[in-house]
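A short write-up of the structure that comes next.
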Amino acid sequence: MDESPARYAAVCVDHPLPQLNQLFDYRIPAELLDRVEPGCRVAVRFSNRRLKGTVLAVRDHADFSGTILPILDVLPPGRVLTAEVAGLAQRIADRYAGNLADVLRLALPERKVRVEKEPPAERLPVDPPTSTHWDRYNAGEAFLRAVREGKAPRIVWSALPGEDWTSRLAEAAAAAAAAGRGALLVVPDQYDLERLDRALTAVLGPDRHVTLSNAMGPTPRYRSFLKALRGEVRIVAGTQVAMFAPVDDLGLVAVWDDGDQNLVSLHAPHPHAREVLLTRAELAGAACAVGGFARTAQAQLLVETGWAVSAAGRRDALRAAAPRVVPIGDDADLAIDPSSSTARLPSVAWEAARKALGADLPVLLQVPRRGYVPAVSCQRCRARALCPECTGPLRLTGPRRPPVCTWCGRVDGSHRCAECGSDRIRAVVIGAGRTAEEVASAFPGVEVVESNASERLDSVPEGARVVVSTPGVEPVAPRGYGAVLLVDTWAQLTRAELTASEEALRIWMNAVALCAPGGTAVVTADGGLPVVQALIRWDAAWFAGQELEDRAELGFPPVMKFAALTGPNGEPEKLAADLPADLGVEAIGPIPVDERTERLLLRVRRRDGAALAGTLARATAERAGARAEQVRVQIDPREIA
């Protein structure tokens, strides 16, 4: 009796070592032939250990000429990795000089057996949106029409102030689903996801989409993953963990507020959700929308290279939606009224707040730092107040409390300045807690509430109140805020980062977008600054173009590609010295990280970015195989200054 020909599986083994970043051949036993397929999870023997892996291909031959071990078992529920996501994972691993196993770990959630036993649900139909507000944007209607026709338009969308952006994304997803294709929508955080979830339910109807995020817990996340994998729903919304979600016949990808660093994965190789979705759009032939109130230089590059079309608000729609933005740039504008001075509010801000409260509308006051007084200095000589034990910066946690060290937590009850001996201190930075206290004194009888990262408010009820918030956690007001006040703006503008101005505009526009039409936004910054001009004119595209031009002149991202090498002193330089000369790599540094570690930046032309990533991946694997000191490689590092 003739034996059937042998079959082999190419397996990506779950192992983090860079020298093992390859596929390994395993023989498929006869009893598993009908269960092993590309995309399934298997158990294999590797280096005398039982490990898990993912099958990427099934073949009639093996590339390995030595002894080939058999697959030990196939793990339920069968195929969990689609061909589209498998190809995407390899592209992302290559782009970020990472391991395929690490990327697959991001794509495949933790298995929950109980969820696999739940019966599948029937996919419900989705009707196209009956009416939308995409007509308020240049190219908006054309984009939605093309999505509805199953085409692949690409836009960089600058939302109007007060825009219900979640409904616009839901309408686009409905258009894709009505064309028989899927949609994947990614937002920065759980708060945004909950808003988008409600909008999708309102536009699509119940049970026609799922959400994916770490905050929902492993069991609900695995349930949503399986629903998408089985095609029970066509639409997936989530945070950055959803960027690899299996979506049936992907027709639309969208990312909101792509400048938010929450969209960068915390796990190696640290891909950005925007880059993953742009790659998915190309691989799947899907439509793409990169949206936000502000615009990043990376998004503007998509427009200037012709990859996408700019979708900005029409002039008449902008006039109807935009609040009045007033810049206050110097101390001469401080109010004479003593109450105004106490509250650190310029006179214009004071009047705007008083008018809004008089109209029974809330007021939003954005403060850059949380806490009470995050930084203090000597009252006499202005030297920074430091901890006598660890030299960490001191801060105040409340009124009439002694300073506390930010680093070690030591209470310095008898602080004296190391420079002049004075025991008096002054505030360098005022936090949200202290600001709320001052506002309560300035507006007696008015409720003052605080929203910060640890105690976030999703929304505030109607009525007159003052909301003191740190950036990124501003609650929504039902009718919008009567006034939005942006104070201590120097804290954002003076940060020693490449994206300081871009990030400042992003957090300002996100706050001002919550202002009611006809309201007033006051920004305590010089009105002549380009970033402030962009806010006044609500023209994020113009500012992004300026940023892109400046970075091109200086040789900074996204015009140039950067990689960061971090490792023991001398090791990053050794790795860089072995790079091919034809790559044209320019080394910047090294920069000390601590006594034993340094950081070296590598810069190449954008077109050589893929070659640099591939070379670094191979070099890292060779060093690991030779048991050399490990050097961490990060492509597109955020901090390059």
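Residues in the stretch 500-520 that are touching a helix residue (DSSP H, G or I) at 6+ places or on another chain (Cβ under 8 Å) and either closer than 16 Å to Tyr191 by Cβ or of a type outside the set (Phe, Trp, Tyr) (or both): 12 in all.
Among the residues of the stretch 471-497, how many are at pLDDT 90 or above and not acidic (Asp, Glu)?
Taking the stretch 471-497 and keeping what is at pLDDT 90 or above, we get 471-486.
If we keep only those that are not acidic (Asp, Glu) as well, we get 471-473, 475-486.
Number satisfying all stated conditions: 15.
Taking the conditions exactly as written (without any contact (Cβ under 8 Å) to a residue 24 or more places away in the chain and outside any loop (DSSP other than H, G, I, E, B)), does Ala170 satisfy them or not? Quick ask: steps written out before the conclusion?
Working: without any contact (Cβ under 8 Å) to a residue 24 or more places away in the chain: no; outside any loop (DSSP other than H, G, I, E, B): yes.
No.
For the stretch 240-260, the count of residues that are among the hydrophobic types (A, V, I, L, M, F, W, C), farther than 30 Å from Arg638 by Cβ, out of contact with any Pro (no Cβ under 6 Å at 6 or more places or on another chain) and in contact (Cβ under 8 Å) with a residue 12 or more places away in the chain is zero.
Among strands (runs of 3 or more DSSP E) entirely within the stretch 1-117, having at least 3 residues that are under 29 Å from Pro218 (Cα atoms) and in contact with a helix residue (DSSP H, G or I) (Cβ under 7 Å, 6 or more places away or on another chain) singles out 73-79.
The residue that is surrounded by the most Cβ atoms within 10 Å (Cβ to Cβ), counting only those in the stretch 106-119 that are among the acidic types (Asp, Glu) and either more than 16 Å from Leu212 (Cβ to Cβ) or without any contact (Cβ under 8 Å) to a residue 60 or more places away in the chain (or both), is Glu116.
Here is a yes/no grid of residues against (1) touching a strand residue (DSSP E or B) at 6+ places or on another chain (Cβ under 9 Å); (2) touching a residue at least 40 places away in the same chain (Cβ under 8 Å):
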position	(1), (2)
Arg95	yes, yes
Leu104	yes, yes
Val126	yes, yes
Pro129	no, yes
Glu141	no, no
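Cβ-Cβ distances below 7 Å connect the following pairs, each with a first residue in the stretch 466-477 that is closer than 14 Å to Asp260 by Cα, a second residue that is among the β-branched types (Val, Ile, Thr), and a separation of six or more residues or different chains: Pro471/Ile507; Gly472/Ile507. Based on what the data block shows, is Asp63 out of contact with any Pro (no Cβ under 9 Å at 6 or more places or on another chain), over 21 Å from Ala284 (Cα atoms) and of a type in the set (D, E, K, R)? For Asp63, the condition - out of contact with any Pro (no Cβ under 9 Å at 6 or more places or on another chain), over 21 Å from Ala284 (Cα atoms) and of a type in the set (D, E, K, R) - is met.
Going through the stretch 247-281 one residue at a time, which ones are of a type in the set (A, V, I, L, M, F, W, C), assigned to a strand (DSSP E or B) and either more than 17 Å from Ile92 (Cα to Cα) or out of contact with any Cys (no Cβ under 8 Å at 6 or more places or on another chain) (or both)?
To start, the set of residues in the stretch 247-281 that are of a type in the set (A, V, I, L, M, F, W, C) comprises 247, 250, 252-256, 263-264, 266, 268, 273, 276-278, 281.
So of that shortlist, the ones also assigned to a strand (DSSP E or B) come out as 250, 252-256, 264.
Selection gives Leu250, Leu252, Ala254, Val255, Trp256, Val264.
When you scan the stretch 540-560, do you find a residue that is of a type in the set (Lys, Arg), within 22 Å of Ala297 (Cα to Cα), in contact with a Gly (Cβ under 6 Å, 6 or more places away or on another chain) and touching a residue at least 60 places away in the same chain (Cβ under 8 Å), even just one? Within the stretch 540-560, none of the residues are of a type in the set (Lys, Arg), within 22 Å of Ala297 (Cα to Cα), in contact with a Gly (Cβ under 6 Å, 6 or more places away or on another chain) and touching a residue at least 60 places away in the same chain (Cβ under 8 Å). Scan the stretch 226-243 for residues that are open to solvent by 10 Å² or more (accessible area, probe 1.4 Å) and within 22 Å of Leu266 (Cα to Cα) and the total you get is 3.
Note on the stretch 392-408: residues that are farther than 19 Å from Ala436 by Cα, β-branched (Val, Ile, Thr) and either open to solvent by less than 60 Å² (accessible area, probe 1.4 Å) or more than 33 Å from the chain's Cα centre (by Cα) (or both) total 1.
Looking at this structure, is Leu160 open to solvent by less than 90 Å² (accessible area, probe 1.4 Å), of a type outside the set (Asp, Glu) and not in a loop (DSSP other than H, G, I, E, B)? No, not satisfied. Applying a threshold of 8 Å to beta carbon distances and a minimum spacing of six or more residues, or different chains, the list of pairs starting in the stretch 44-71 at a residue that is at pLDDT 90 or above and open to solvent by 70 Å² or more (accessible area, probe 1.4 Å) and ending at one that is among the basic types (Lys, Arg) and part of a strand (DSSP E or B) reads Lys52/Arg41; Leu69/Arg27; Leu69/Arg45.
The values are calculated or read from the model by the stated rules, or taken from the named source; none is laboratory data. Worth saying up front: this structure is predicted, and the values here are computed from it rather than measured. As a convention, Cβ positions derive from the backbone with ideal geometry for all residues, glycine included, and neighbour counts pool all protein chains shown. Calculation scope for accessible area: heavy atoms of the full protein, side chains included, ligands and nucleic acids excluded. Shrake-Rupley method; radii C 1.70, N 1.55, O 1.52, S 1.80 Å.
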